[in-house]
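Notes follow once the structure below has been shown.
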Amino acid sequence: MCGIVGYIGYRKAAPTIFGCLKALEYRGYDSAGIATSHDGRITVKRDVGKIAEVHKKHDLEDLEGHAGIGHTRWATHGAPSQLNAHPLCDCTGRLAIVHNGVIENYMEIKHELLRKGHKFKSETDTEVAVHLIEENLKHGAGRKQASFEEAVRKAVARFRGNYAFAVLKAGEDKLVLARNGSPLVIGFGNPLSASGKGPHSRSAENEGNEMFAASDVPALLSHTRDFAFMEDGDLVVIDRRGARFEHEGRPIKRKRMHVSWTAKMAQKEGYPHFTIKEINEQILSIPAALRVDVGKAAKLMRGARHIHVIGCGTSYHACLVFRHLLARLAGREAEAWVASEYKEGAVVGPGTLVVAVSQSGETIDTMLAVKHARAHGAKVVAITNVVGSSLARGSDANIYIGAGPEVGVVATKTFTSQVAVLTKLALAVAGKKLAINGFSKKIKTVLALAPKMKEIAHSLRTTNDYFFIGRGLAAPVAMEGALKLKEIAYVHAEAYPAGELKHGPLSLIADGVPVIAIAPASGETHHKMLGNIKECKARGGKIMALSDSPHLLEEGKWKVAMPPVSEELSPLLYIIPLQLLAYYSCLERGHDPDKPRNLAKSVTVE
Ligand code: AGP
């Protein structure tokens, strides 16, 4: 979704912001822009398209000034266009704003402002914010003008919905930031060295400190690893001296944290795409996740009357794996919920433990479900990849999956790390230990299937309908495999528990339709899979068999021979060839796997 960057300091703001925006590209967007303040004036450059295209047209780095804000927009209100791109300005052109989220009551405020004579240029909800701040500036205490922060404070108090804002004002050496529901982090930059021998030389004009703000940590990693995380209801002023936090009008201190991620970890390091880099990183990330301590969460779970496990998209598929494992290994029942359905459908109260799974820890649907559960007395275990994320901060126990930054929009290594941690958790609840000897070697064997998956993707390059089937633990793997293919190859892919085929979808299996059958021999149901595969073959379906059983492999037009693996560890291995299939199918069709159309890494609007 939208990405925000803010900078104030001794460097030229525009090139600094430009670099940070590029590091935020993975969030998904359709237009981009930067505004800087210099000599008492604000200058804005923005347009529709990717940052590189906007830069080619407008030279985004060529803006004077040491304070500025930047934005990548994922359109909600108003089509992607130059007029709707951020930053947006007020009537005077002395205020500029960037926004992530949705102001739900913007129409009512807009009508009010129109009556007062404000002129709107865009179709966005955001524009009301900048005009309202302009209006508030006119009405301070007594006859005085309000201060910049006062005007922003008063404006955000009017908004319903989720937002993160960064606001710039001509002639003010500061940025004002506000957050409610959409992420915003504050980055502490490098002070100039007194000797002038440090990373930046001292000069009379630009000496001092530097401060950053951004939608998430990876955007700023090339400048800082020291962060403070804004909470809902926070307003922050950053200037060259540092950051001043207030919460609902009162000054507050927020903890400064050092993150272990480095800028290098968020680079391609010789790979053509982040997606394939991250698929390959599973050789290290899976074993690392299998070593994560889950003790506190397991204790909470043992004491819980009801267990709910919630997530969206890929994270939801990890929840389904967990539900199955918990039942089989620990004999405990867990309800698995798509987070956006939770509030309306789930019965939650004291005694319920909610396991919230989200790689970003910022997904709005998951956050709102957790808020609902907490309000009803539930306890929350968060499973996230991002240190300091909103979900992690508001939970009773927090498990970091430790996958390192995932830049590709589609989740790959974070899925397997989630599943690894959840497998450990299910075993811990059951009081069992995990046997992982030789597992790294198996991951390596499966990653070495890349040329084979590339070949299969090539032979299927003109095919646009796929079926994925599996039973037991392989059913959510089938769903995740189909999701990967949809997300980056833009083809139609359906996933079913194999037993469901006969109840309807079998009517769609006709000559040449590929059926990807996930059938580890360790699964109790693999004999039944054989029957399901035969049913598809009898109707002309072309089988891609993923198995370690020679009988099952024999049935495949494409045979993907897997190493033998215990049932509980099978999802971790079987998803890898499906990720590779999606990656190569995407390349075969000429798409960019790292930035799939219409999708965003972190979904921060409902
Ligand atoms: C996965 O490839 C997708 N990008 C998407 O389904 C994602 O898993 C979902 O939006 C949830 O994100 P989260 O894990 O950050 O909460």
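The values are calculated or read from the model by the stated rules, or taken from the named source; none is laboratory data. Fair warning: this is a prediction, and the values are worked out from it, not measured in the lab. Cβ placement follows ideal geometry from the backbone for every residue including glycine, while neighbour counts extend to all protein chains displayed. Ligands, DNA and RNA are excluded from the accessible area calculation, which covers all protein heavy atoms including side chains. Shrake-Rupley method; radii C 1.70, N 1.55, O 1.52, S 1.80 Å.
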| query | What are the residues in the stretch 58-107 that are among the β-branched types (V, I, T) and either touching a Leu at 6+ places or on another chain (Cβ under 7 Å) or more than 17 Å from A170 (Cα to Cα) (or both), if any? | reply | I69, T72, T76, I97, V102, I103
| task | Could you run through the stretch 120-160 and say how many residues are farther than 20 Å from G171 by Cα, assigned to a loop (DSSP other than H, G, I, E, B) and free of Cβ contacts under 8 Å to residues at least 40 places away in the same chain? | result | 6
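Are any residues in the stretch 68-84 more than 17 Å from V605 (Cβ to Cβ) and modelled with pLDDT of 95 or more, and if so, which ones?
Filtering the stretch 68-84 down to residues more than 17 Å from V605 (Cβ to Cβ) leaves 68-70, 81-83.
Across the stretch 68-84, the qualifying residues are G68, I69, G70.
Given the residues L447, L483, L434, which is the only one that is surrounded by fewer than 20 Cβ atoms within 10 Å (Cβ to Cβ) and either under 27 Å from the mean Cα position of the chain (by Cα) or without any contact (Cβ under 8 Å) to a residue 12 or more places away in the chain (or both)?
Among L447, L483, L434, only L447 is surrounded by fewer than 20 Cβ atoms within 10 Å (Cβ to Cβ) and either under 27 Å from the mean Cα position of the chain (by Cα) or without any contact (Cβ under 8 Å) to a residue 12 or more places away in the chain (or both).
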| query | Looking only at residues in the stretch 404-416 that are aliphatic (A, V, I, L, M) and surrounded by fewer than 24 Cβ atoms within 10 Å (Cβ to Cβ), which one is nearest to K268 (Cα to Cα)? | reply | V407
| Just one of the numbered conditions (1) in contact with an Asp or Glu (Cβ under 9 Å, 6 or more places away or on another chain); (2) away from the ligand (no atom under 14 Å from the Cβ); (3) within 30 Å of K433 (Cα to Cα); (4) not acidic (D, E) is not true of G351; which one? | (1)
| task | Quickly run through the stretch 391-403 and pick out the residues that are away from the ligand (no atom under 14 Å from the Cβ) and open to solvent by less than 10 Å² (accessible area, probe 1.4 Å). | result | A397
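On the given criteria, is E500 of a type in the set (D, E) and within 21 Å of L572 (Cα to Cα)?
Numbers: of a type in the set (D, E): yes; within 21 Å of L572 (Cα to Cα): no.
Here the answer is no, as E500 does not meet what is asked.
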| task | Determine whether H71 is open to solvent by less than 50 Å² (accessible area, probe 1.4 Å) and in contact with a helix residue (DSSP H, G or I) (Cβ under 7 Å, 6 or more places away or on another chain). | result | no
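Which one is least open to solvent (accessible area, probe 1.4 Å) among residues in the stretch 226-243 that are more than 11 Å from R179 (Cα to Cα) and charged (D, E, K, R)?
Among residues in the stretch 226-243 that are more than 11 Å from R179 (Cα to Cα) and charged (D, E, K, R), the one least open to solvent (accessible area, probe 1.4 Å) is D239.
Looking for whichever is within 14 Å of the ligand (Cβ to nearest atom), within 30 Å of R256 (Cβ to Cβ) and open to solvent by less than 10 Å² (accessible area, probe 1.4 Å) here; the options are A373, A382. Which one fits?
When all the criteria are applied, what remains is A382.
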| field | Selection within the stretch 497-512 - open to solvent by 30 Å² or more (accessible area, probe 1.4 Å), in a helix (DSSP H, G or I) and over 20 Å from T463 (Cα atoms) | value | E500, K502, H503
| Which of the residues belonging to the stretch 463-480 are within 16 Å of the ligand (Cβ to nearest atom) and either open to solvent by 30 Å² or more (accessible area, probe 1.4 Å) or among the β-branched types (V, I, T) (or both)? | V477, M479
| Within the stretch 39-50, is even one residue buried (at least 16 other Cβ atoms within 10 Å of the Cβ), at pLDDT below 95 and assigned to a loop (DSSP other than H, G, I, E, B)? | yes
| field | helices (runs of 4 or more DSSP H) lying entirely in the stretch 522-606 (those with 1 or more residues that are more than 24 Å from Y316 (Cβ to Cβ), free of Cβ contacts under 8 Å to residues at least 40 places away in the same chain and open to solvent by 10 Å² or more (accessible area, probe 1.4 Å)) | value | 526-538, 550-554
| Using beta carbons and a limit of 8 Å, which pairs, at least six apart or on different chains, have the first residue in the stretch 17-37 and among the acidic types (D, E) and the second one assigned to a strand (DSSP E or B) and surrounded by fewer than 23 Cβ atoms within 10 Å (Cβ to Cβ)? | D30/V48
| query | Any idea which of (1) open to solvent by 30 Å² or more (accessible area, probe 1.4 Å); (2) under 27 Å from V410 (Cβ atoms); (3) away from the ligand (no atom under 16 Å from the Cβ); (4) part of a helix (DSSP H, G or I) is the one E335 doesn't satisfy? | reply | (4)
| message | Contact list please: Cβ distance under 8 Å, first residue in the stretch 387-402 and within 25 Å of P287 (Cβ to Cβ), second residue open to solvent by less than 10 Å² (accessible area, probe 1.4 Å) and of a type in the set (F, W, Y), pairs at least six apart or on different chains. | response | G388/F227
| Which ones in the stretch 404-416 are more than 9 Å from the ligand (Cβ to nearest atom) and modelled with pLDDT of 95 or more? | K413, T416
| message | Checking K116 against (1) open to solvent by less than 30 Å² (accessible area, probe 1.4 Å); (2) without any contact (Cβ under 8 Å) to a residue 40 or more places away in the chain; (3) out of contact with any Lys or Arg (no Cβ under 9 Å at 6 or more places or on another chain): exactly one of these is not met. Which one? | response | (1)
| request: For G388, state whether it is within 16 Å of the ligand (Cβ to nearest atom), farther than 28 Å from D594 by Cα and open to solvent by less than 40 Å² (accessible area, probe 1.4 Å). | output: no
| Here are some residues: L508, L552. Which one is at pLDDT below 95, hydrophobic (A, V, I, L, M, F, W, C) and within 15 Å of P577 (Cβ to Cβ)? | L552
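Taking the stretch 17-48 as the region of interest, how many residues are among the charged types (D, E, K, R) and over 24 Å from T275 (Cβ atoms)? I'd like the intermediate steps shown before the answer.
Filtering the stretch 17-48 down to residues among the charged types (D, E, K, R) leaves 22, 25, 27, 30, 39, 41, 45-47.
Applying the additional criterion that residues be over 24 Å from T275 (Cβ atoms) yields 39, 41, 45-47.
Residues in the stretch 17-48 being among the charged types (D, E, K, R) and over 24 Å from T275 (Cβ atoms): 5 in total.
Considering the stretch 482-533 alone, what residues qualify as being on the phi > 0 side of the Ramachandran plot and either within 16 Å of the ligand (Cβ to nearest atom) or touching an Asp or Glu at 6+ places or on another chain (Cβ under 7 Å) (or both)?
Pass one, the stretch 482-533, residues on the phi > 0 side of the Ramachandran plot: 490, 504, 512.
Answer for the stretch 482-533, where residues must be on the phi > 0 side of the Ramachandran plot and either within 16 Å of the ligand (Cβ to nearest atom) or touching an Asp or Glu at 6+ places or on another chain (Cβ under 7 Å) (or both): just Y490.
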| task | Write out, first by first residue and then by second, each pair whose Cβ atoms fall under 7 Å of each other, whose residues are 6+ apart or on separate chains, and whose first residue, in the stretch 335-364, is closer than 26 Å to G404 by Cβ while the second is within 8 Å of the ligand (Cβ to nearest atom) and basic (K, R). | result | S360/K601
| message | Looking at (1) closer than 17 Å to L573 by Cβ; (2) open to solvent by less than 10 Å² (accessible area, probe 1.4 Å); (3) in contact with a Gly (Cβ under 6 Å, 6 or more places away or on another chain), which one does V515 not meet, given that it meets all the others? | response | (1)
| task | Could you check V419 against (1) within 9 Å of the ligand (Cβ to nearest atom); (2) closer than 24 Å to A482 by Cβ and say which number it fails? | result | (1)
